[in-house]
Each structure stands twice: as structure tokens, then as C-alpha cells.
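**Q** Mind looking over this structure? Questions follow.
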Amino acid sequence: EAGVAQSPRYKIIEKRQSVAFWCNPISGHATLYWYQQILGQGPKLLIQFQNNGVVDDSQLPKDRFSAERLKGVDSTLKIQPAKLEDSAVYLCASSLGGDFQETQYFGPGTRLLVL
Amino acid sequence: RKEVEQDPGPFNVPEGATVAFNCTYSNSASQSFFWYRQDCRKEPKLLMSVYSSGNEDGRFTAQLNRASQYISLLIRDSKLSDSATYLCVVDPGGGADGLTFGKGTHLIIQP
């Protein structure tokens, strides 16, 4: 079974530029999550989708971050404009349903460096 | 007080030894608990869920103490391949805020 796919794997941009990340969850998984993992920290949930609806975006910095999952499958996360403190790994995860007791499967992540 | 706290380590342990680490959580209403493993520059992967009665999976044992609000992970007969960061994960429940990850405990198994 194919895992969660993410691209790009690495991205280097200058501050104030824009960047977008893409995620393709495991086939059939209704729930998709975006996490931010800063070096030395655990992942922090940014947004959770159930199919194409947002379940939780309470920790998403909405002044600069946006995410969508228009057809309930793939998702994109955008940062506009980027700040130095956005340097992190952005992890996408998916699970079969919306119950947190279900296993979440993580993609390899996108490493973002903002200069 | 941070929601999920772990000793970041590193824990340097000789191969074959037993190692244990704890994690404390602040939300007494938390519903579910997990240990995830994260290798260097890799994504987190579920190691095991933590049940109220405690559970064991091979060399790994997880325990939950609701009264003191901590969970533990015990690794017996440690292997070189156990070297990784172990993330404590708590689900607050009630549909709020999603999973909360600790910063992780870095374990190094030495030959």
C-alpha cells in the first residue's frame, strides 16, 4: 500500500516570499492533517480536514497560512508571506476516519528553510 | 505548564540494557495516549497505543497512570536499532485541538 506522499521534499526561500506544499494521503483515508515540526520540538497540529471540510484549524496562523482540500483527497498548505520562524518540517498525515484513536500515518515531510 | 512534558535526554544506554522514560500530561480529561517513534530526519511512526490496563508488545511495555497523569515506556534488551526519538502523544478528547505531541526523548543505544 502506498504511503502518504508529499512534495517538495525540500524548499529554500527568502523571507516574505510565498511557498506551497502538496500532500496526497493514503487512498481511502478521509482525514488529513498538517503538522509543523520545528527542530527539537514535537509536531504541532496546524489543521485537520475530514474529507474536504475543516475540523480544526485553531492553531493555524491564518494571517499567513492557508490550506485547502477541495476534492477531499489531495491537500495544499500555503504560506504567504513566509517569516524566518516558519523554518520547519511540514508533515502531512492521514487516517482512515476522524477518530484520534486511529493510527495516523505520516508522510516524509517537506523541509522548509526561510532565509 | 506545558501540555505534554518529556525529558529530552539524550539517554545513552548500553546495548542489552533496560531503559524507561516517562511523560506527564496536564489535561486530566485526556482520552487516548500513544508512543510514536521518530528516526533522525524521518517522519514519526506509531510505536504503540497506551491502554489503561497497560500493554506490552515484544520488548516494549507501556503504562498509564491516570491519577498521576503520566505514561511510561519501558524497553527491555535494548538493540542498536532502538536508537531514535520517542514522542509521547496525548489526545485531549472531546473533539478539541487534536493530538498533542511532546518534544520527544532522544535515546542512543551504544554497542
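**Q** Across peptide B:40-51, how many C-beta atoms of other chains are within 10 Å of each residue C-beta, on average?
**A** Per-residue shielding by partner chains comes out at 4.
**Q** What relative contact order, as a whole-number percentage, does segment A:1-93 give when Cα pairs under 8 Å and 6 or more residues apart are counted?
**A** Across segment A:1-93, relative contact order equals 35 percent.
**Q** Under the rule that an exposed site lies in a DSSP loop and has at most 12 other Cβ atoms within 10 Å, name the longest stretch of chain A with no trypsin sites (Lys or Arg not before Pro) of that kind, not counting the sites themselves.
**A** Details: sites that count: A:ARG9, A:ARG16, A:LYS62, A:LYS71, A:LYS83.
Counting at most 12 other Cβ atoms within 10 Å as exposed, the longest clean stretch of chain A is A:17-61.
**Q** Separate question: So which lysines pass the test for B:LYS42, namely a Cα distance under 20 Å, with those fewer than 8 places away in the same chain ruled out?
**A** Straight-distance partners of B:LYS42: A:LYS11, A:LYS44, B:LYS79, B:LYS103.
**Q** Check cross-link reach from B:LYS45 to the aspartates and glutamates: straight Cα distance under 14 Å, and skip same-chain residues fewer than eight apart.
**A** A:GLU102, B:ASP82
**Q** Here's something else I'd like to know. Give the calculated FRET efficiency between A:SER27 and A:LYS78 to the nearest 0.05, with a Förster radius of 30 Å applied to their Cβ-Cβ distance.
**A** 0.80
**Q** Then there is this: For segment B:50-90, which chymotrypsin sites (Phe, Trp or Tyr not before Pro) are both in a DSSP coil and crowded by at most 15 other Cβ atoms within 10 Å?
**A** Sparse-neighbourhood loop chymotrypsin sites (Phe, Trp or Tyr not before Pro): B:TYR51.
**Q** Per 0.36 nm of contour for each residue apart, how much would the distance between B:TYR51 and B:GLU5 grow if the chain were fully extended, relative to their Cα-Cα spacing? Before the final figure, lay out the partial values.
**A** On the way: separation 46, 0.36 × 46 = 16.56 nm, distance 1.89 nm.
Length difference between fully extended and current span is 14.7 nm.
**Q** Okay, moving on. Could you give the dipole magnitude of segment B:18-111 about its Cα centre, charging the beta-carbon of Lys and Arg +1 and that of Asp and Glu -1, in debye to the nearest 20?
**A** In debye, rounded to 20, segment B:18-111 gives about 180.
**Q** What Cys residues in chain B are without a partner cysteine, judged by a Cβ distance under 4.7 Å?
**A** Flagged as lacking a Cys partner: B:CYS40.
**Q** Do any chymotrypsin sites (Phe, Trp or Tyr not before Pro) in segment A:53-115 lie in a DSSP loop with no more than 11 other beta carbon atoms within 10 Å, and if so, which?
**A** Details: sites: A:PHE65, A:TYR90, A:PHE100, A:TYR105, A:PHE106; in loops: A:PHE100.
Passing sites in segment A:53-115 do not exist.
**Q** May I ask you to sort A:TRP22, B:TRP35 by Cβ crowding, counting other Cβ atoms within 10 Å and putting the fewest first?
**A** Details: A:TRP22 14, B:TRP35 22.
The most exposed by this proxy come first: A:TRP22, B:TRP35.
**Q** Just rank B:CYS88, B:CYS40, fewest to most, by other beta-carbon atoms within 10 angstrom.
**A** Neighbour counts put them in this order, fewest first: B:CYS40, B:CYS88.
**Q** To the nearest 0.05, how large is the calculated FRET efficiency for B:SER28 and A:LYS71 if R₀ is 45 Å and r is the Cβ-Cβ distance?
**A** Result of the calculation: an efficiency of 0.70.
**Q** With the contact rule set at Cα under 8 Å and sequence spacing of 6 or more, what percent relative contact order holds for segment B:1-93?
**A** 37 percent
**Q** For segment A:1-83, state which GluC sites (Glu not before Pro) are in a DSSP loop and have at most 15 other beta carbons lying within 10 Å of their beta carbon.
**A** Values: sites: A:GLU1, A:GLU14, A:GLU68; in loops: A:GLU1, A:GLU14.
Filter output for segment A:1-83: A:GLU1, A:GLU14.
Just so you know, all these numbers are worked out from the coordinates, no wet-lab data involved. Just so it is clear, the structure is predicted and the values come from calculations on it, not from any experiment. Note that each Cβ is placed from the backbone with ideal geometry, even for glycine, and that neighbours are counted across all protein chains shown.
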